[in-house]
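Here is the structure we will look at.
The values are calculated or read from the model by the stated rules, or taken from the named source; none is laboratory data. Treat the numbers as computed from the prediction; the structure is a model and nothing was measured. Glycine gets a Cβ as well: all are built from the backbone with ideal geometry, and neighbour counts include every protein chain shown. Heads up: the accessible areas ignore ligands, DNA and RNA and are worked out on the full protein's heavy atoms, side chains in. Shrake-Rupley method; radii C 1.70, N 1.55, O 1.52, S 1.80 Å.
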Amino acid sequence: MFRQEEVFVGGWKEKTLESMQRRRFEQRIAQLAPLGAGRLESLPPAALTRKLEQSWQDIERKPMHSQQLAEVWKTVLSTIGRQADCLSRDEHDLVERALVLGGSAPIEDPTELEAARALSLRLWASVGLVSGKPYIELEAPVLQPVARAFAREEHEAVRRRFDVLEGYLSSTLYRVGAMDDRQPQQLILSEVLGSSGQDELAMQLARRYLWASYDCVDYSGGVMLVHPAVADPHHLIAARRRRSGLLLPPAGETGVLMDILPEEIPLQADLERVIEGGLRAGLRAPEVARTLRFLCKQGAPLPAMEEVLQASLIVLISPAMRGALANMYYMTPKWIECAEHGALQ
């Protein structure tokens, strides 16, 4: 989904993936109304107009309120099969759980909340609070149609192709940090949907799949997909403009997600080994080391990484910890080069 502009007043400790996700989750929850307030029939005319403007579907405007409601469901149901095929993985999982639970399901984490937001724009799902906890509710007109769409053999085939492509795109995004969404759109059209650039609905579905699956940022050239751990995407986008490349179709039949490079594996393992046993309660060495690796990749200076590590420990940083952290800092491939590190090259 599209990111909002963020200000990091607390420095690099606020730029960890966990801190950013927690902060956005809390902000989104604070903006939610009780579940049911966003149901289509409950929306006053002004709110319905805003929802139509934000919708991910082109819905014809009607003069009467009742006519407009009927037109919404007519449009949604006319393409429900293709919409169901092109849900993001998190959207798909959330819809499946809601179907099993009778139409509504609790939202458990920030990723699911972003998926719910996408479903509210795509399938007009209602997202709101029940006793302070976020829930998603699929409205009655879509329940049986989307269940039937999920049961199609064609749906299973499309989802398998999406799984392969998602692993490839996510791994590519980890390597480069950010990429323009136009080449991935073309891969979805050719490798997943088997469609040409003349199918306007397929082009829309390819875009919506990417926007629902990845963090997105508007920039002067279009839309950039960014890795979720990147705190300052505009800095990275400026660097990416000077580099370009061709995104080739994925090879192989399995979608393997790579969230660490081969050369980064021993660096992370060494850091995990030396911090194990010294962490605060509730923290695990793999997650702490991954957090530090993500900070390193986006250009965090070594003193800032030490500060984040120290906040995770119940002991002072030892020489072995400092050495493993320095190795990670100097040897990890970067999305954004730290000025201090670049000066030492």
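So which pairs qualify, if the first residue must be in the range 189-200 and within 12 Å of VAL158 (Cα to Cα) and free of Cβ contacts under 8 Å to residues at least 12 places away in the same chain, the second must be open to solvent by 70 Å² or more (accessible area, probe 1.4 Å) and among the β-branched types (Val, Ile, Thr), the Cβ gap must be under 9 Å, and the two must be at least 6 apart or on different chains?
none
Read through the list (1) under 24 Å from the mean Cα position of the chain (by Cα); (2) exposed (fewer than 15 other Cβ atoms within 10 Å of the Cβ), then give the number of the only condition that GLU154 fails.
Evaluating GLU154 over (1) under 24 Å from the mean Cα position of the chain (by Cα); (2) exposed (fewer than 15 other Cβ atoms within 10 Å of the Cβ) leaves (1) as the failure.
Within the set of pairs 6+ apart or on separate chains, which have a first residue in the range 291-316 that is touching a residue at least 24 places away in the same chain (Cβ under 8 Å), a second that is part of a loop (DSSP other than H, G, I, E, B) and of a type in the set (Gly, Ala, Ser), and C-beta atoms under 7 Å apart?
Listed pairs, sorted by first residue: PHE294/ALA229; GLN298/ALA229; GLN298/ALA231; LEU313/GLY278; ILE314/GLY278; VAL315/GLY278.
Just one of PRO110, PRO106 is open to solvent by less than 70 Å² (accessible area, probe 1.4 Å), modelled with pLDDT of 95 or more and closer than 16 Å to PHE25 by Cβ; which is it?
PRO106
Yes or no: VAL76 modelled with pLDDT of 95 or more, under 18 Å from ALA212 (Cα atoms) and either among the β-branched types (Val, Ile, Thr) or surrounded by fewer than 18 Cβ atoms within 10 Å (Cβ to Cβ) (or both)?
no
Suppose we filter the range 199-235 for residues that are in a loop (DSSP other than H, G, I, E, B), among the hydrophobic types (A, V, I, L, M, F, W, C) and modelled with pLDDT of 90 or more; how many remain?
2
Looking at the range 261-288 only, could you name the residues that are free of Cβ contacts under 8 Å to residues at least 40 places away in the same chain, touching a helix residue (DSSP H, G or I) at 6+ places or on another chain (Cβ under 8 Å) and assigned to a loop (DSSP other than H, G, I, E, B)?
Of everything in the range 261-288, those that are free of Cβ contacts under 8 Å to residues at least 40 places away in the same chain, touching a helix residue (DSSP H, G or I) at 6+ places or on another chain (Cβ under 8 Å) and assigned to a loop (DSSP other than H, G, I, E, B) turn out to be GLU276, ARG280, LEU283.
Just the residues that are assigned to a helix (DSSP H, G or I) and within 25 Å of ARG293 (Cβ to Cβ), please, taken from the range 166-193.
Passing the criteria: GLU166, GLY167, TYR168, LEU169, SER170, SER171, THR172, LEU173, TYR174, ARG175, VAL176, PRO184.
Listed residues GLY36, GLY81; which is in contact with a strand residue (DSSP E or B) (Cβ under 7 Å, 6 or more places away or on another chain) and open to solvent by less than 30 Å² (accessible area, probe 1.4 Å)?
It is GLY36.
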